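What follows draws every value from the coordinates through simple rules; no lab data is involved. What you see is a predicted model; the values in this text were computed from it and never measured. Counting neighbours? That spans all protein chains shown, and the Cβs are built from the backbone with ideal geometry, glycine included.
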Amino acid sequence: MDATPINAADLCDSRIVARAEVHHRDPDALATLAGAFGNTQMALVLFFVTPEADFETLMAEAPRHFADSRCVGCTTAGEIGTAGYSEGMIVAVGFAAAHFHAVMQVITPLSDFDSSACVSQSVRARAWLNTQAGEVMPNEFAFLAVDGLSLKEDELVSALASGLGPMPLFGGSAADGERYGETMVACDGVTLRNAAVVCLMRTDCPVRVFRLDHFQPTDRRMVVTDADPARRIVHRINAEVAAEEYARVLGRPLEALNASTFAANPVVVRIGGQHHVRAIQRIEDNGDLQFFSAIDEGLVLTLAQSQDMGAHLQRELDALANEHEPLTVLACDCILRRTEVTQRQIGPEISGILAAHKVVGFSTYGEQINGLHVNQTMTGVAIYHPDRGSGHDPRPD
């Protein structure tokens, strides 16, 4: 593949938010990306990196190419660039120092996660950020990149929401393609495993943090009767072997269940008056179901059905541009959404919608929105020109 960078300066104002991408085989990938950004000084550069790349080396060298910028990255299950869904790429998003101020919060190791310490750290980080930029940059949001195999996202995001208060939070779980082997995040040249990085941001740009999914609950319900919450495993549903009962409720033979089935037929739970997807990752040999997010005994699961993904995505992204078009939309998109796109053979349609709405980001092993870890969802932030409003409340619906 051609290693020439794709520069998105013509798609958004690169003096405010710059976007560029390059194939991971480019021997000078970082220099290529830095050159595409031009001379604009960045407060923060985010890197969404294919697992085919040498992530650790790339992230170690990033601060040299983006001097005086904070550099944060994560591995992906696919990238979202200027042409929509892509594979094998390094996507970079830069936030100009003239319009953004960033403070990093690093949480490690997640295996020994201390909720109280995390809350205190978040409170201090947000207070410091407000001291540095609160008067000249009135808008705020936080972006989270977290180890997608840590099984700690639910606990982590709950603590972060408590510490960040009214600051809207979104994020994604770092991924490893479809291998589920090793996921990594990085901050300022250091690659981290079993860790998370929170980018707390102030800006003079209006912003809109959002979440979307295209599922509607049905009237088919089931109850988790035996589970291992720490490992996100369900042993029994309705007192029957979990996979067998899910197949029965779905009306499919057990042997027909696979990743495509789970992507097209997730279950949802009702939290705070809204339904949120609890996606199934795989079936274990003994019939257990491994989930992507929190699960517990007594939880009522409702089978959901898919709406037209393309029409739904078009409608939701159009709503973000209801009064003013965003400069860009930074998004975390679940791997299972990409799986469904592939299954339904609608890749060109979805990629076209993403490209037309200037969406950039990555495919994840899970998404975060304020105090929740969710699945089969897109979360993100729409960023608008500082001279224009978003037409929306900054908190997600």
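In table form, for the structure just shown:
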item: Angle between the chain longest axis and helix 347-356 axis [Cα atoms, degrees, rounded to 10]; result: 40 degrees
item: Neighbour net charge for Glu135 - beta-carbon separation under 13 angstrom, K R +1, D E -1; result: -1
item: Mean separation of Cα contacts under 8 Å (6+ apart) over length of the range 215-305, as relative contact order %; result: 42 percent
item: Folded to 0 to 90 degrees: helix 55-65 orientation relative to the chain principal axis, Cα; result: 20 degrees
item: Interchain or long-range residues, amide H under 5 Å from Arg282's placed H; result: Gln290
item: Magnitude of the charge dipole, the range 80-171, Cβ model with Lys/Arg +1 and Asp/Glu -1, debye to 20; result: 260 debye
item: Contact order normalised by residue count of the range 52-131, Cα under 8 Å, 6+ apart, percent; result: 19 percent
item: Separation of alpha-carbon centers, the range 245-273 and the range 314-388, rounded to whole Å; result: 24 Å
item: Given charges at Cβ of Lys, Arg, Asp, Glu: the chain dipole, positive-most of Leu313, Ala92, Pro109; result: Leu313
item: Contact order relative to length of the chain, as percent, for alpha carbon pairs under 8 angstrom and 6 or more apart; result: 20 percent
item: Environment charge of Gly165, counting only residues whose C-beta is closer than 11 Å and scoring Lys/Arg +1, Asp/Glu -1; result: 0
item: Principal-axis tilt of helix 335-344 within the chain, Cα atoms, nearest 10 degrees; result: 70 degrees
item: Net +/- balance of residues flanking Leu30 in space, Cβ distance below 13 Å, scoring K and R +1, D and E -1; result: -4
item: Net dipole in debye of the range 215-305 [+1 Lys, Arg Cβ; -1 Asp, Glu Cβ; about Cα centre; nearest 20]; result: 380 debye
item: Span from the the range 110-161 Cα centroid across to the the range 29-72 one, whole angstrom; result: 23 Å
item: Where labels lie 7 Å past Cα in the beta-carbon direction, separation of Glu323 and Trp128 in nm; result: 3.5 nm
